[in-house]
Each structure stands twice: as structure tokens, then as C-alpha cells.
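Heads up: the structure comes next, in C-alpha cells.
The values are calculated or read from the model by the stated rules, or taken from the named source; none is laboratory data. This structure is a prediction, so every number in the text was calculated from the model and none was measured. Don't worry about glycine lacking a Cβ; one is built from the backbone with ideal geometry, like all the others, and counts go over all protein chains shown.
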Amino acid sequence: MNAPAQSWERREIGSFFHTFTDLPSLREAGPVVFARGEGAYVQDTAGRRYFEANSGLWNMTLGFSEARLAEVARRQYAALPGYHTFFGRNSGPTVELAERMLALAPVPMSRVFFTNSGSEANESVVKLLWLMWAGEGQPRRRKLITRRNAYHGATVMASSLTGKDYVGAFGLPGPEIVTLGCPHAWRCAAPGEDETAFVRRLAAELEATIRAEGPDTIAGMFAEPVMGAGGVIVPPAGYFAAIQPILRGHGIPLVADEVICGFGRTGELWGSLAVGLLPDIVVASKSMSAGYFPMGAVMLSPEIDRRVTAACEAWEEFPHGFTTGGHPVGCAISLEAIRIITEDGILENVRSVGARFQEGLRTLARHPLVGEARGIGLMGALEMVSDKETRAPCPGEWRIGERIARMAGERGMIIRPLGSSVVLAPPFISSAQQIDDLVGVLGAILDEIE
Ligand code: PLP
């Protein structure tokens, strides 16, 4: 007799190495294996349907059944299923995507380099900066400024740039990293300090840090326009306007990590436009291909392009690149995803349902468990507290974020726990009704917990 077939869930537990997963919760509830997707919903192998209120990992912005993306992929696979961009060779969709991205850039940019992911893009920027400064006779300029709670990826330098304690598990950050405070006014402003004074303090901290480290040792600063994985931290008004003149004064390039914000998440095409960030280098990924192909990109300003190109002279090339960076199928998909976002009313939808979503979050802020409801466009977070007055965090044993996320799962909503917070990033195609349902479910869960 044949042994009974094992479920995907059992096979998964027996074979798959889970990362970024709360292991006690995994042991308790087991994994969920998905079989299909439609619109903003995914369906697991048992046939349960979930509204994906995190767009997968911020990336499935056009949902899970966009036939136009599948069709351009099919056509490109038939024409040229893959190629590289080394040795002076290229493919049509790659060139077209580079041109399109330059046309849409938040500030004038002159050249694009493609990668397979956000981490690879940030990693590439570090190498670009190091090569540039060394080529200009300043090899000591290797330090990189980042901020507490930043997330920049999972490769070694991108992890180092990530301002979270867990990078210590790998003996990171490395010696080149200089970490500033997090621009989160609600949590980090001093008692009685208003946003203007908080911004002034952050700018002073940057100036003092650069002077203490030595301006001639700093290669660049990385910043997400709005921090995503750090808990959706929208910087206070005037933050970038205050820090940019300081960076410029010391000749330090500013890198906008637009991996989450880029291509619409904030309601602007770029997060930089939403928060007044004027980047020298832009990094994009995720929404760029709506998650239908692994894609990442680095855009260089005319000045950085000129300086990097000059620095490359010594080596006769920029000795760096990825076999599948600029993959023609990924570029064809990205061109279509960007076209849909910019020309088919998707950005307008993010603006209108985003406003409704933010309004819904603000109503949840009145709940006794919610310390802060924050966000912009279609990204948001609720931070729970044990005391609304003192803003005391929920004790770890409450496992409050995990608990809320599990309860949401039982109600057919996927949301992301993050310590005492939950993070939300619905797809750009979400309807007003879906947003209202999400807010309604969260309200009901909070009432049940209280
Ligand atoms: N930068 C930011 C702001 C991100 O949120 C992420 C991933 O979530 C990355 C970089 C890393 O991108 P990837 O996971 O594609 O390497």
C-alpha cells in the first residue's frame, strides 16, 4: 500500500530553512503554504483566502493576477529569454527600462545600473562610492552613515547598514558604519521637545558626528525616505531639508534607498518627492517589477556618474556586476509594471485609497492599546503600548504584534508583526472597501484583546 501523501506544510517543515520567522509562533501554528493568488488575495493549499495587507513583502503592488505582466514576460521569454549586460553587450528591454527610469527619476539622473535585488543595489552603491573616492585620491573615505532602525538589506554591507540590533548575530555592523539616531519624533523626541526642535537636534547630531569621525573619512549616507521595515517611520517635516546642507557642506553623497517607497508606495512616484529628499544616488527595487521578477536598480546623478566614470579610468572598467542583473524578461516586466502604475490610474488609486487608509489608522489611534498610528500613502503601522500616557512599550511576553497578526490571519488578513507594532502595506490596487475591511478587522481585534 502506498504511504499517504504528506501535506505541503509537513514537507515544508521537514525541508525548508525559515529565516526572519518567529520560531515559537512557527512551532505553534505551522507554516502557511500558498497555492494561488487573485487580485489582492492569496489562497493557501487548504483553500483559505487572505487579503494580503503587506503586498507580500511590500512588493506585489499590482496584486497576484496581473495578466499584462504575465503576457509581456511570455513574449520576452519567446524572443530572448535571458542575457547579461557585461562586455559591452545588452538587450533592448534593458536599454528601454534604463531610459524610462531616467525619465521618471525624482531629480535629474544620468545613468542606471541593474541588479537582482535591493540588497545587491545597496551593496553596489557602496562599491561605487569606495571606488570613486579612492580614484579621487581619498581612499580614507570609506565610512558610511546610516540610522538606527534603518533596513537596507541582507548582504554583508547592506546588513551592516541596517540599524537593527540583530545584525550583531553576524558580528556586524563592520567598522565602516556610523549610526545616527532614528528620526521618529513620537518615540525619540525628548520630553517637551517639539518636531522643529527635534529636527534641529538631529541635524546637530549629524554635524557633530561628521566632525568627530573626520569629514575626510566619510564616503556617503544612506537613508530610506520613509523607513519601512523599521516600523514605517515618516521623518518629521523639514528633516531632509535640515540635514542635506550639512552633507553637501562636507561633500558627502546622499543615497535614497527607495526600495520600498519607489514607484508609488507613498502616493508620490518616489518617497524622495514626499519628504523633500534630494538624492545623489537612488536605489529602487520591489514595486519596480511589482514583484513579478527579482529586480533592483541604482541611478546616478550626472555628477556622481562623471566622478565614478573618471575613477574607473585607472581600472579601465567598473569591475562589478551580476549575471542576471538587467535580465531582459525582468526589464520587460518592469517596463509594463511602471507603465501600469504611471499611466493606468494606479498612482491616483494609491493617493485616494491611501488617504482613506491613513484616516482609518487615525481612528484606530484612539484605541487604548494604540500608542501611535502612523504612515503615509499605502504604508502604515500601529504601535501598541501598555500605557497610553507614558507610552510604555508592551512587555515582551505579551507578544502583542505576533498576537494581532495571528488573529488577523484567522480573519483572512495577512499583516506583519514587528515587536510591539504591526506593519501594513496593502497593494496599490486595493479598493476602498478592502481598506475599510482591513481597518474594521484591526479595530475588532484590538477590542477583543483589550
Ligand atoms: N532596502 C529597503 C528599504 C528594503 O526594505 C529592503 C527589503 O525589504 C531592501 C533594501 C533589501 O531588498 P532585497 O530584500 O530585495 O534584497
Matching residues in region 43-84 - criterion: being part of a helix (DSSP H, G or I) and either within 16 Å of the ligand (Cβ to nearest atom) or of a type in the set (Phe, Trp, Tyr) (or both):
Ser55, Gly56, Leu57, Trp58, Tyr77
So Ala332 ticks every box in (1) more than 17 Å from Ala73 (Cα to Cα); (2) of a type in the set (Gly, Ala, Ser); (3) more than 16 Å from the ligand (Cβ to nearest atom); (4) modelled with pLDDT of 95 or more but one. Which box is left unticked?
(1)
Could you list, ordered by first residue, the pairs with Cβ atoms under 6 Å in which the first is in region 422-437 and not assigned by TED's automatic domain parsing to the domain that holds Gly267 and the second is of a type in the set (D, E, K, R), at least 6 apart or interchain?
Val423/Arg416; Ala432/Arg356; Ile435/Arg356
Look through Arg391, Arg399 and report the one residue that is in contact with a Gly (Cβ under 6 Å, 6 or more places away or on another chain) and at positive phi.
Arg391
Somewhere in region 8-30, is a residue in contact with a strand residue (DSSP E or B) (Cβ under 7 Å, 6 or more places away or on another chain), of a type in the set (Phe, Trp, Tyr) and either over 24 Å from Gly118 (Cβ atoms) or modelled with pLDDT of 95 or more (or both)?
no
Tally up the residues in region 90-117 that are in contact with a helix residue (DSSP H, G or I) (Cβ under 7 Å, 6 or more places away or on another chain) and within 11 Å of the ligand (Cβ to nearest atom), please.
1
Hey, could you check region 3-60 for residues that are among the β-branched types (Val, Ile, Thr) and closer than 30 Å to Ile340 by Cβ and say which is surrounded by the most Cβ atoms within 10 Å (Cβ to Cβ)?
Val42
Test for Phe113: is it under 24 Å from the mean Cα position of the chain (by Cα) and part of a loop (DSSP other than H, G, I, E, B)
no
Among the residues in region 376-388, are any more than 30 Å from Glu96 (Cβ to Cβ) and part of a loop (DSSP other than H, G, I, E, B)?
yes
A careful count of residues in region 34-64 that are farther than 25 Å from Ser285 by Cβ and either without any contact (Cβ under 8 Å) to a residue 40 or more places away in the chain or in contact with a helix residue (DSSP H, G or I) (Cβ under 8 Å, 6 or more places away or on another chain) (or both) gives 6
So which residues in region 124-136 are within 16 Å of the ligand (Cβ to nearest atom) and surrounded by fewer than 24 Cβ atoms within 10 Å (Cβ to Cβ), if there are any at all?
Val126, Lys127
